[in-house]
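J.: Encoded as structure tokens, here's the structure I'll be asking about.
All of the numbers you see were taken from the coordinates with simple rules; none came from a lab. All figures in this text were calculated on a predicted structure; none of them were measured in a lab. Heads up, the Cβs are rebuilt from the backbone with ideal geometry, glycines too, and the neighbour counts pull from every protein chain shown.
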Amino acid sequence: MMSYTLYNIKFLSKNSGRYIRPDKQALFSILKAGNYVQLMLRTTNNKPGFIGIEKVWVVIERFEKNQYFGRLITIPQVIKSLKMGDIIPFAFDYVLGARPGASMTNRLDMGNPDMRCLISEKVLNLGCTIGVGVREMPTLYKDSGWRFFHDDTEMSEFPKDMHSVPIELLNFTREELDISLGSTMNFSNQTIKADISELWTPRSSRA
């Protein structure tokens with residue numbers, strides 16, 4: 001049973017100045033397979049009086065019977081029944097924003113000291129190895145989209161206890177990490193790829 005509903009952005013934009021839709025013609029030119037769309041979801045199974053809102057990104061896979069179908073490329077933070085890779089059907093009126101797929105092709109700049117990733121505290125503080133890597137839609141300008149965990153159980157608590165680290169300090173190559181948004185990589189059967197113990201600083205001294 002679906003545990004969320006989609007907000008009608010066309011309706012919201014008419015009744016709230018907070019949501020301004022992109023130009024209709026420009027938006028239609030982007031709504032094609034391989035491009036990215038932002039949707040806004042609302043939970044339907046939480047406590048009475050609680051409204052859980054989550055903005056997510058999907059990559060369009062197809063258009064069929066007057067509906068788009070997008071694959072989720074955002075780690076859910078509010079609607080925990082969703083998971084990366086789930087297919088979300090939507091119509092034009094529910095699109096909050098869109099980006100062409102080509103806009104993300106050069107996003108992973110491994111040599112840039114400002115390019116960041118997120119690493120779980122379990123890896124940083126306890127010295128555990130990186131076992132799972134997930135690349136979701138970047139949320140900041142210099143964000144690679146990579147989130148590294150010791151194991152996939154930590155993903156259920158995301159983004160709790162995650163820390164921003166320059167991606168150039170990790171022992172990964174561009175070839176290993178330059179993969180599609182929405183991908184999950186299992187590193188558990190490979191050699192330890194990152195010695196990041198020197199990056200850990202106590203919470204009290206973090207800016």
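J.: Within the range 4-103, how many Lys pairs sit with Cα atoms under 21 Å apart, leaving out pairs fewer than 8 places apart on the same chain?
T.: Close lysine pairs under the 21 Å cut-off: 16.
J.: Work out from phi, with θ = phi - 60° and the Karplus expression 6.51 cos²θ - 1.76 cosθ + 1.60, the ³J(HN,Hα) of each residue of the range 28-44, listed in order in whole Hz, and give x for Gly and Pro.
T.: 4, 5, 8, 6, 9, 4, x, 9, 9, 10, 9, 10, 10, 10, 10, 5, 10
J.: While we're on this one: Can you give the FRET efficiency to the nearest 0.05 for Asn186 and Leu126, using r as the Cβ-Cβ distance and R₀ = 35 Å? Don't jump to the answer; show the numbers that get you there.
T.: Values: r = 20 Å, r/R0 = 0.56.
Computed FRET efficiency for Asn186 and Leu126 comes out at 0.95.
J.: Using 0.36 nm per residue of separation minus the Cα-Cα distance, give me the extension gain between Leu140 and Glu64 in nm, one decimal.
T.: Stretched out fully, the Leu140 to Glu64 stretch lengthens by 24.1 nm.
J.: What net charge do the residues around Ser183 carry, taking every other residue with its C-beta under 14 Å from that of Ser183, with Lys and Arg at +1 and Asp and Glu at -1?
T.: 0
J.: Additional query: Which stretch or stretches of the range 85-122 have amide N atoms under 16 Å from the point lying 7 Å from Arg174's Cα along the Cα→Cβ direction?
T.: Those under the cut-off are 104-116.
J.: On to the next question. For Lys142, go through the aspartates and glutamates and keep the ones whose alpha-carbon is under 18 Å away, minus same-chain ones fewer than eight residues off.
T.: List returned: Asp109, Asp114, Glu168, Asp178.
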